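The values are calculated or read from the model by the stated rules, or taken from the named source; none is laboratory data. Every value quoted in this text rests on a predicted model; they were computed, and no experiment measured them. Here the Cβ is made from the backbone with ideal geometry for all residues, glycine too, and neighbour counts use every protein chain on show. With ligands, DNA and RNA removed, areas are computed over all heavy atoms of the protein, side chains included. Shrake-Rupley method; radii C 1.70, N 1.55, O 1.52, S 1.80 Å.
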Amino acid sequence: MTQVLIIGYVWPEPRSSAAGSHMMELIHCFQTQDWQITFASPAALSTHMEDLSQLNVKSVGIELNCDSFDRFIANLQPDIVLFDRFMMEEQFGWRVEKQCPEALRILDTEDLHFLRNARHQALKQQRPLVPEDLFGEMAQREVASIYRSDLTLMISDYEMQLLNNQFGVSQDLLHHLPFMLDIQILDQPRPTFEERSHFVSIGNFRHAPNWDAVLWLKQQIWPKIRKKLPHAEMHVYGAYPPPKATALDNPKEGFMVKGWAEDANEVVRNARVLLAPVRFGAGIKGKLVEAMCNGTPNITTPIGAEAMSGGYPWGGLIEDNAHDFAQAAVELYEKKDLWHSCQRMGDKIISQVYDRHPLAEQLIQHIQLLRETINSHRMQNFTGAMLRHHHHRSTQFMSQWIETKTRLADLQKTSATASDETE
C-alpha cells in the first residue's frame, strides 16, 4: 500500500481558511486511491482543527530541529511526502531525503508567499508593484524550495506563469491544482434575489489580506454604500477575530462584525452580495469560490479575481478603487437582472474550472508518472540537485547545532536540579 506523509505547517482547519479546505481536498483525493495517509505537524493543536482520526488519517506531532523526526520517518518509510508550504520543506526536506531518498517529494505552496509579501510592501508604500519587488530573500527561499522538490502544486495559473517567465522554473516541476469541488452543490436549492438581504464579507482574520480588506471596507467603502442603501447591513464573518476587529462593530452604521461562522455556506447563501475588497495577496480566494458555489454574486478587485475564472466572464463585478467598488456594490444589490447574470457566470466558472473529478484524476496521473520516472525526472533538474546539496548541508549543520545547544541546556537544567535536591 502506498504510504503518504503530509508535513503540515498547521493542522488543517477547513472551516477557518481556504488553505485548510484545500488540504482536506488533497487528503480526500489521496484516499480515493486507498493510499495510507499520515499527517504530521510541529504546530500546536487548535480549537477548529479537523478530527483526522474520523477519516482514518493518523496524526503525529513532530519537533523542529530534532532527530526524533529522523527515527519517525525512517520507521514510516513513506512513498510520497507532501510539504505544506515551503517552510516545511526547508525544515524537513533534508531529513526526508536522507532517510527516504526514493520518496517522491511534493511541495504544496498554497500561494506564493513572496508574491503576497511583495504586494503588501508596495501597498504600504502606496505605490504600484514593480518587478524588483519580487526578487527578495523570500523569493530566493521559496523558489529554491520549488526547485528542490520533485513536483510543486500551484493553485494559481498566474503564479505558474510568473515562476516560468521571471524565475525560469520549468513547467515540468509544476502542476496546476485549484480548489477541487463537488460541483453538485450547484444543484442545491438557493434563496431567490428577493429572499436575500444585506452584504457579507468572510475571511480568517489571521490572514493579513483579509484584515486589510475589512479595514478598507469599514473606512472607505461601506460609508459610500450605506449612504445609498441606508437599510442594508454589512455582516463581517471570519475565524479568530482580534479585539481590534470586534471594536469595528457598529450596529448604528449597519456594520456588524459577527466573527466565527458556524456554517459559512449558509451565511453566504443568505446574503445578496459578497464583498471582497482584496488589495494584496496571492493564490486564489476561497471566499469567492464559496460565494459562487452558493449563487451569491460578488464585488472584488483585480487581485481578488486573479487566476480564478479560467477565462470565463466573472461571476460578479471587479473594481480597484473605493468609489467604483461602492458604486458597483449598490448596482449589483439593486439590479435583479444584473444579479442573475452574475450568478449564472459564477455557476459556469465553478462547473468548468473547479470540478474535482477531472482535477483529481489529472493529479493522480501526474504523481504516478513521476513515481515511474523519478530518476530521469531528477536528472533533468540539475539546479534542484545543486540547491539540495548546498541547502541541505547548511540546514543540517544549523539544525544539529540547535539540537546540540538544546540538549546542553537541558543537561544543565537537570544538573542544577540535582544539585539543589542534594543540598
Going through segment 326-358 one residue at a time, which ones are out of contact with any Leu (no Cβ under 8 Å at 6 or more places or on another chain) and of a type in the set (Ser, Thr, Tyr)?
Ser341
Subset tally (residues that are open to solvent by 20 Å² or more (accessible area, probe 1.4 Å), within 16 Å of the chain's Cα centre (by Cα) and of a type in the set (Ser, Thr, Tyr)) for segment 138-178
1
For the structure I just gave you, tell me whether Asn210 is in contact (Cβ under 8 Å) with a residue 12 or more places away in the chain, touching a helix residue (DSSP H, G or I) at 6+ places or on another chain (Cβ under 9 Å), over 30 Å from Asn117 (Cβ atoms) and in a helix (DSSP H, G or I).
no
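Name the residues in segment 289-317 that are β-branched (Val, Ile, Thr) and within 17 Å of Asn210 (Cα to Cα), would you? Lay out the reasoning, then the answer.
In the first step, residues of segment 289-317 are kept if they are β-branched (Val, Ile, Thr); the result is 289, 296, 299-301, 303.
Answer for segment 289-317, where residues must be β-branched (Val, Ile, Thr) and within 17 Å of Asn210 (Cα to Cα): Val289, Ile299, Thr300, Thr301, Ile303.
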Could you count how many residues in segment 179-205 are open to solvent by 40 Å² or more (accessible area, probe 1.4 Å) and out of contact with any Lys or Arg (no Cβ under 7 Å at 6 or more places or on another chain)?
8
Are any of the residues in segment 101-122 at pLDDT below 95 and touching a Phe, Trp or Tyr at 6+ places or on another chain (Cβ under 9 Å)?
yes
Given the structure, is Arg226 within 22 Å of the chain's Cα centre (by Cα) and open to solvent by 50 Å² or more (accessible area, probe 1.4 Å)?
no
Considering only residues that are basic (Lys, Arg) and open to solvent by less than 20 Å² (accessible area, probe 1.4 Å), which ones fall in segment 58-107?
Arg95, Arg105
